Amino acid sequence: MRQTLASVSIAAAVLAGATAGKAADYTIDPTHSHILFTIDHLGFAKMVGLFSDFSGNISFDANNVPASKVNVTIKTDSLQTQFAPRDKDLKGADWFNVTEFPEMTFVGTEFVKKDDHTGTLTGKLTLHGVTKPVTLNVVVNKVGQNPLDKIDSAGFSARGTFKRSDFGMKTYLGAIGDDVDLVIEIEAKKKS
Amino acid sequence: MLENPIALAALICFMLGLALSSVVRIFRCSTVASTVLPIIFLASYVVTYQQVPAFPPVGSTNKIFYIALAATVAGLVVDLLPRTAIYRRLLAVITPLLIVGWIGYPRFAKPDIELIATASGLWLGGIVLLWRLDTIATAAPEHNGGSIVGTAMLMALLLAFAPVALLGGSSTSLMLCLAAVVGLAAAALWEIFVPRGAFGASAVLGVGCGLLAMIDTVTLITREVDLVALALLLLIPYAGQVSARLLLPQNRVRGRGRQILVGIFAATPLLLVMAVLLLRHRESIS
């Protein structure tokens with residue numbers, strides 16, 4: 001998920017860079033950014049979870065979009081699903097194993113621009129000690145100066161899916177879905 | 001019912017237990033028969049986690065499989081040796097320490113008093129558990145030992161740890177324990193009707209070390225376990241023998257009937273574990 005977030009951030013940054021026409025470094029604003037995931041529960045409904053503690057940097061060059069970089073780190077212990085016993089289970093050794101794997105990371109590696117506002121970002125997601133590629137569909141919502149703090153900002157949305165089994169997380173496969181759908185909303189602020 | 005993954009895993013392990021136990025009876029060899037119990041445990045792991053973890057294992061849950069596998073092989077070697085008392089005792093002392101060290105490794109980089117105390121407790125508890133299981137394995141049925149008692153003791157330990165694991169944040173360990181218990185029950189049924197002495201060092205070490213690895217994972221890695229309830233598991237290795245001495249006169253209850261009763265007595269601390277969990281985790285359970 002962190003990787004996904006990072007990917008989204010990168011894509012947004014890339015697109016923002018293209019719009020602005022100059023290179024820029026951005027930092028993810030955690031107070032206005034969200035990383036959520038949904039996963040099927042017995043076919044009845046999607047369970048929603050989120051990570052509240054994450055950080056990341058985006059560096060992009062509008063004139064050389066593929067050279068843009070993104071790094072995102074998510075603290076796995078910040079997982080929340082609005083049900084404390086389930087949170088305890090998910091943070092345990094059977095699932096996210098926050099003691100042995102306290103962080104998830106995403107490093108964006110490939111940026112492909114579709115048009116001025118959309119693109120895909122592929123990066124390497126490291127989760128549970130396993131690193132696999134994940135691709136996100138990114139929409140750049142807005143690039144410009146924040147009217148409140150006067151800081152140049154970029155906002156974007158990203159969606160993607162990966163299989164948890166690819167990362168060795170096979171607990172209750174069948175009952176609990178394999179596909180993890182990501183919902184990422186990012187606001188990033190330009191570094192001064 | 002089979003849509004329930006726990007029920008499905010239990011059914012698979014039960015069928016496997018029945019099948020393996022019937023096959024090993026062809027050989028009339030207790031060493032071969034003893035491998036059935038750890039194979040059932042390993043199968044329970046595979047159906048629970050739906051994988052044979054890659055080697056070398058990354059993460060404590062993956063280590064459980066290889067700890068149980070290595071302990072089974074070590075036990076099999078011991079079973080093949082002529083004089084084994086020293087090796088059995090040495091392994092009962094050393095293997096719990098190795099398991100605590102390997103499972104808890106990520107936390108030992110920043111040790112504190114609580115961690116050292118918990119790890120020491122797990123080591124000592126592991127020694128008690130393996131030592132007693134080995135004592136049961138080598139004791140004659142008239143001395144309240146033997147394969148039926150030993151298998152029942154393993155089942156009681158797994159059954160008692162299952163709710164402790166669930167409340168400790170590991171529903172997967174609950175599933176593994178329940179699947180293994182049902183599989184071991186199938187093996188116990190065969191042992192009652194067609195005895196093969198199927199409780200050698202491979203059974204003691206394979207299942208015993210697998211259980212210890214699960215306990216250490218929930219305690220040291222998930223870190224939500226109820227230590228009081230966990231400590232009560234140590235009553236199980238003694239409950240059968242103590243109860244038998246008090247309630248079963250040697251000259252009146254003998255043979256398989258005695259072993260079955262001692263095995264049932266071994267499970268009595270399960271009630272205490274459940275009572276403690278109900279009292280201490282009323283909110284979570286309700």
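Bear in mind these aren't lab numbers, they're just calculated from the coordinates by the rules spelled out. Note that this is a predicted model, so its numbers are computed, not measured. With ideal geometry, Cβ positions are generated from the backbone for all residues, glycine too; neighbour counts draw on all protein chains shown.
Where does each of B:Asp79, A:Asp178, B:Asp112, B:Asp226 land when they are ranked from fewest to most other beta-carbon atoms within 10 angstrom?
B:Asp112, A:Asp178, B:Asp226, B:Asp79
Which aspartates and glutamates, on any chain, are close to A:Lys46 with Cα under 18 Å apart, when same-chain ones fewer than 8 places away are left out?
A:Asp87, A:Asp89, A:Asp178, A:Asp179, A:Asp181
In the Gaussian network model of chain B, springs joining C-alpha atoms below 10 Å, which of B:Met274, B:Met214, B:Met155 carries the largest mean-square fluctuation?
It is B:Met274.
Could you list the square roots of 5 times each eigenvalue of the Cα gyration tensor of chain B, that is, the equivalent ellipsoid semi-axes, sorted largest first and rounded to whole Å?
Equivalent ellipsoid of chain B: 27, 21, 20 Å, largest first.
Return the whole-Å distance between the Cα centroid of region B:241-283 and the Cα centroid of region A:141-185.
When both Cα centres are located, 52 Å separates them.
What's the longest bit of chain B with no exposed trypsin sites (Lys or Arg not before Pro), using DSSP loop states and at most 16 other Cβ atoms within 10 Å as the test?
The longest uninterrupted stretch comes out as B:84-251.
What percent does the relative contact order of region B:85-240 come to when contacts are Cα pairs within less than 8 Å and at least six residues apart?
Result for region B:85-240 is 34 percent.
Pick out, from A:Phe101, A:Val140, A:Thr161, the residue whose Cα sits farthest towards the positive end of the charge dipole of the protein assembly as shown, with +1 on the Cβ of Lys and Arg and -1 on the Cβ of Asp and Glu.
A:Phe101
Let's see if you can work this out: charge +1 on each Lys and Arg Cβ, -1 on each Asp and Glu Cβ, no other charges. What is the dipole magnitude of the protein assembly as shown about its Cα centre, in debye to the nearest 20?
1280
By count of other Cβ within 10 Å, fewest leading, how are B:Ile99, B:Ile113, A:Ile35 ordered?
In increasing order of surrounding Cβ atoms, one gets B:Ile113, B:Ile99, A:Ile35.
Give, rounded to the nearest 20 debye, the magnitude of the charge dipole that region B:13-157 has about its Cα centre when Lys and Arg contribute +1 at Cβ and Asp and Glu contribute -1 at Cβ.
With only Lys, Arg, Asp and Glu charged at Cβ, the dipole is about 200 debye.
Out of B:Gln259, B:Gln50, B:Gln241, any idea which swings most in a Gaussian network model of chain B, alpha carbons joined below 10 Å?
B:Gln50
What number, in nm² with one decimal, is the all-direction average of the projected area of the convex hull of the alpha-carbon atoms of region A:114-192?
Projected area, direction-averaged: 7.1 nm².
Mean shadow of region B:60-143, computed from the convex hull of its alpha carbons, in nm²?
Average of the hull's projected areas for region B:60-143 equals 6.5 nm².
Can you sort A:Asp116, A:Asp181 by how many other beta carbons sit within 10 Å, fewest first?
Taking fewest neighbouring Cβ atoms as first place, the list is A:Asp116, A:Asp181.
Helix B:60-80 sits at what angle to the longest principal axis of chain B, using alpha carbons and giving 0 to 90 degrees rounded to 10?
The two axes meet at around 30 degrees.
Which value results when the Cα radius of gyration for the protein assembly as shown is divided by 2.2 N^0.38 Å?
Expressed relative to 2.2 N^0.38 Å, the Cα Rg reads 1.16.
Looking at B:Met15, A:Val48, B:Gln241, which one has the Cα that reaches farthest to the positive end of the dipole of the protein assembly as shown (charges on Cβ: Lys, Arg +1; Asp, Glu -1)?
Among B:Met15, A:Val48, B:Gln241, the one farthest towards the positive end of the dipole of the protein assembly as shown is B:Gln241.
Name the lysines eligible as straight-distance cross-link partners of A:Lys114: C-alpha to C-alpha under 27 Å, and not fewer than 8 places from it in the same chain.
Leaving aside lysines fewer than 8 places away in the same chain, those within reach of A:Lys114 are A:Lys22, A:Lys69, A:Lys124, A:Lys132, A:Lys142, A:Lys163, A:Lys189, A:Lys190, A:Lys191.
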